[in-house]
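K.L.:
Take this structure first; my questions come after.
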Amino acid sequence: MTLYLPPDMELFLTGWLRSRIPKVRFTNREPEQLSTPLEQPVVVIRDDSGPATSQVTFDRSIGVSVLAGSKTNDKPANDLARLIYAHLTCEEIVTARESPVAALIDSGCNGPYPLQDDHDYARRYLTVEYSTVGTIQ
C-alpha cells in the first residue's frame, strides 16, 4: 500500500528562512517564557492545515508570528515581517531543492499586520497559502 503524507511545512519553512535571514530565532512553537528586551527576534511558523486537493496534493495555510522590537519601537518587527513575507512569497520557494511547494495561492497571503500583546515587544502576523506536494511512504 502506498501512503501520501502531507508535507511538514513547519520544518521546511523554518529551515528555508534560517538559511536566508540571520540572527533570528525561527521555531514552530512560541517559547513559553520570553524575557524583554528580546535577545533576538523570534518568528513562529505554524501550519494551519488545509484541504487535500488530490491524493498527492494539499493546500496549506501558514500562520507566521513575528516578535521583535518593543511596543514603543515597532520598526524592527515591521521590517522583519515584511522581509519574511517577501521570502515566503517569492518564486524561488517553488523551485528550491526539496521544496514541497508547487504554487503560491495569492488569495491566502495577507499581512503583515499588528496584533496586541501583553509583553513589551511588538507582534506582527501574516499568512501565506501554498499548494503543496506530499511525500510517499
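K.L.:
So which pairs qualify, if the first residue must be in region 8-19 and over 19 Å from Ala81 (Cβ atoms), the second must be open to solvent by 10 Å² or more (accessible area, probe 1.4 Å), the Cβ gap must be under 7 Å, and the two must be at least 6 apart or on different chains?
P.N.:
Phe12/Ser99; Phe12/Pro100
K.L.:
Continuing with the same structure: Just to be sure I understand the filter: pairs with C-beta atoms under 9 Å, separated by 6 or more residues or on different chains, first member in region 27-44 and closer than 14 Å to Pro76 by Cα, second member basic (Lys, Arg). Which pairs pass?
P.N.:
Leu38/Arg25; Glu39/Arg25; Gln40/Lys23; Gln40/Arg25; Pro41/Lys23; Pro41/Arg25; Val42/Arg25; Val43/Arg25
K.L.:
Can you name the residue in region 57-93 that is open to solvent by 40 Å² or more (accessible area, probe 1.4 Å), of a type in the set (D, E, K, R) and farther than 15 Å from Leu38 by Cβ and, of all such residues, is nearest to the chain's Cα centre (by Cα)?
P.N.:
That would be Arg82.
K.L.:
Within region 24-44, can you find the residues that are over 22 Å from Thr132 (Cα atoms), open to solvent by less than 70 Å² (accessible area, probe 1.4 Å) and among the polar types (S, T, N, Q)?
P.N.:
Thr36
K.L.:
Shifting gears a bit: Pick from region 115-135 the residues that are open to solvent by 50 Å² or more (accessible area, probe 1.4 Å) and touching a strand residue (DSSP E or B) at 6+ places or on another chain (Cβ under 6 Å): which of them is farthest from Ala52 (Cα to Cα)?
P.N.:
Leu115
K.L.:
Condition check: closer than 21 Å to Ile136 by Cα and either open to solvent by 80 Å² or more (accessible area, probe 1.4 Å) or not β-branched (Val, Ile, Thr) (or both). Does Leu11 satisfy that? Show your work before the answer.
P.N.:
Details: closer than 21 Å to Ile136 by Cα: yes; either open to solvent by 80 Å² or more (accessible area, probe 1.4 Å) or not β-branched (Val, Ile, Thr) (or both): yes.
The answer is yes for Leu11.
K.L.:
Right, next: Is it true that Ile21 is surrounded by 14 or more Cβ atoms within 10 Å (Cβ to Cβ), in contact with a strand residue (DSSP E or B) (Cβ under 7 Å, 6 or more places away or on another chain) and of a type outside the set (D, E, K, R)?
P.N.:
Values: surrounded by 14 or more Cβ atoms within 10 Å (Cβ to Cβ): yes; in contact with a strand residue (DSSP E or B) (Cβ under 7 Å, 6 or more places away or on another chain): no; of a type outside the set (D, E, K, R): yes.
Judged against the criteria, Ile21 is not a match.
K.L.:
So which residues in region 29-57 are of a type in the set (Val, Ile, Thr) and in contact with a strand residue (DSSP E or B) (Cβ under 8 Å, 6 or more places away or on another chain), if there are any at all?
P.N.:
The initial filter retains those residues of region 29-57 that are of a type in the set (Val, Ile, Thr), namely 36, 42-45, 53, 56-57.
Passing the criteria: Val42, Val43, Val44, Ile45, Thr53, Val56, Thr57.
The values are calculated or read from the model by the stated rules, or taken from the named source; none is laboratory data. Note that the structure is a prediction, hence the values are computed from the model and not measured. Positions of Cβ are generated from backbone atoms using ideal geometry, with glycine treated the same way; all protein chains shown enter the neighbour counts. For accessibility, only protein heavy atoms count, side chains too; no ligands or nucleic acids. Shrake-Rupley method; radii C 1.70, N 1.55, O 1.52, S 1.80 Å.
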